[in-house]
Amino acid sequence: MGHADGPAAIVGIGASAGGVKALQQFFAHVPVDSGIAYIVILHLSPDHDSKLAEVLRTSTSLKVQQVKESVIVAANNVYVIAPDKHLTMEDGTLAVSANMHIEDRRAPVDIFFRTLAESHGPKAIAVVLSGTGANGSMGLKRVKERGGAVYVQNPREAEYSEMPRNSIATELVDEVLPVADIPRKILLYKNNLGQVRIPEEPEQRPDDLQHALREIFTQLRVHTGHDFSNYKRATLLRRIERRISMRNMPDLPAYATYLQNDPDETTALLKDLLISVTNFFRDKEAFDALEQHIIPAIVKGKSEQEAVRIWVPGCATGEEAYSIAMLCAEHAVKGAENPKIQIFGTDIDDAAIAQAREGLYTINDAADVSPERLRRFFTKEGDYYRVTREIREMILFANHNFIKDPPFSRLNMISCRNVLIYLNRTAQDRVMETFHFALSPGGYLFLGSSETAEGAGDLYAVAHREAHIFQARQVGMRPLPVPERLHGTAYEQPKTALYAREQGACGNRAADLWRSASAAAGAICATISSGERRL
């Protein structure tokens, strides 16, 4: 998390048109001894931003320097990007690179925010000020995913409101403020970091903390319908601690009371717990392996009358499902085989699914899409890019909970990336069995960079270790995985058009098996459920 004597937090500030004035206002309110480092990315042509460091020195007593080569970041310093360069964070070092790719030029704020988040986690703070376009709106999602904070200038105050408005549209911004108020909020957040710690083990928590936690999860279940008993306890607690820091609350009981009295905070907490973060072709090397080895293996030998069936559970806003569809479309052009492609994209977040169905993204959302793919698979609509009908028609999106609802069947591949890391071990084991049941023998499971199937007994073999791709083994008879059944509730088949179409295509046998397994194993599920609810 950086050098031991490094800053207590690092603020990345993105701006473009109108940004110089906003930056001057911002730094006029930054104290000289905040213990924080500030890194400024002004996305303008070199002629405009080459004098930025000199301009900012008139607004602050902090040391301001233009970054021309890699430098170790120090507290109470301001670092400004040099013309024709882009910045990335590597541990506590600010790395400088030439703009070699078009992605570097069109999304410098996003690229920096992402590396800042990966490098500094909760100590990463993203700030979006006046500017045109959508710079920052994609990268800030990674900041939130890693537990950091996001502040945006009020669009009504900004000289150019597009950058702030596009960031606010993600619904992941912590606060929208006049630019002069943002430095004070950042300092409050930094001072609160780590001040409230909730013990992970229930027996280590005093009664008032245990009661407050129960109240919080009851509030969430009553007001949002979401039950978090399957989620990893440590992740849940860290994100609740983060909300306590954001709201400047002294402790967990005070936050529980605040939550009861503020419905908007319940929604904000839910957003923090269900952060849907993805991007096109996330982890390039893994998608390269998918393109070169796995897609050809799946398609090989299939006729036009057959179908390639792929499921993307936890698909969020659709980028991953569309990325896979693009790879399939490209392979179809190269090869003799041209089977039908059926991709099922599912998630429990209705808003994310609605966005996925639209297939409409900003140019910054598409920062990881090559110019060739952008031309071939997207059409420009104003300032946005829509996925072409050819690709959209390969995918059916629907609300579906892969822990509780029956899975799809006879699948050639499941791509479930960066989702399992949020689930506890009991839920992970159940999901791995579910996925194995859903895959045809030899089908592939594509996981995230921190996930593995190697702990799932004899169910999977490694297909490509570096890319975290596994292959379903043919195994002997074993008990069917049972969908989670909440205590006191009956099993309910998901009421989605997607599931109805799926069952029409492949028959009702799998769903029947799951219903009978669920009914027979209710007591087991209730035991698991009650054990995991000891949050």
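Here the peptides 405-415, 449-459 are ranked by packing, the mean other Cβ count within 10 Å, and the order with the highest first is 405-415, 449-459. A simple spin-label model places pseudo-atoms 7 Å from Cα toward Cβ; at Thr218 and Lys68 they are separated by 6.4 nm. For the set Lys185/Lys380; Lys300/Lys380; Lys144/Lys340; Lys51/Lys123; Lys232/Lys404; Lys284/Lys404, the pairs lying more than 26 angstrom apart at their alpha carbons are Lys185/Lys380; Lys300/Lys380; Lys144/Lys340; Lys51/Lys123; Lys284/Lys404.
With the other protein chains left in place, how much accessible area per residue, in square angstrom, belongs to region 172-311 at a 1.4 angstrom probe?
Per-residue value: 44 Å².
Can you pull out the trypsin sites (Lys or Arg not before Pro) in region 413-471 whose DSSP state is coil and whose Cβ has at most 14 other Cβ atoms within 10 Å? Taking region 413-471 and a limit of 14 other Cβ atoms within 10 Å, the loop trypsin sites (Lys or Arg not before Pro) found are Arg465.
The values are calculated or read from the model by the stated rules, or taken from the named source; none is laboratory data. These numbers were taken from a predicted model, which means no experiment stands behind them. Counting neighbours? That spans all protein chains shown, and the Cβs are built from the backbone with ideal geometry, glycine included. For accessibility, only protein heavy atoms count, side chains too; no ligands or nucleic acids. Shrake-Rupley method; radii C 1.70, N 1.55, O 1.52, S 1.80 Å.
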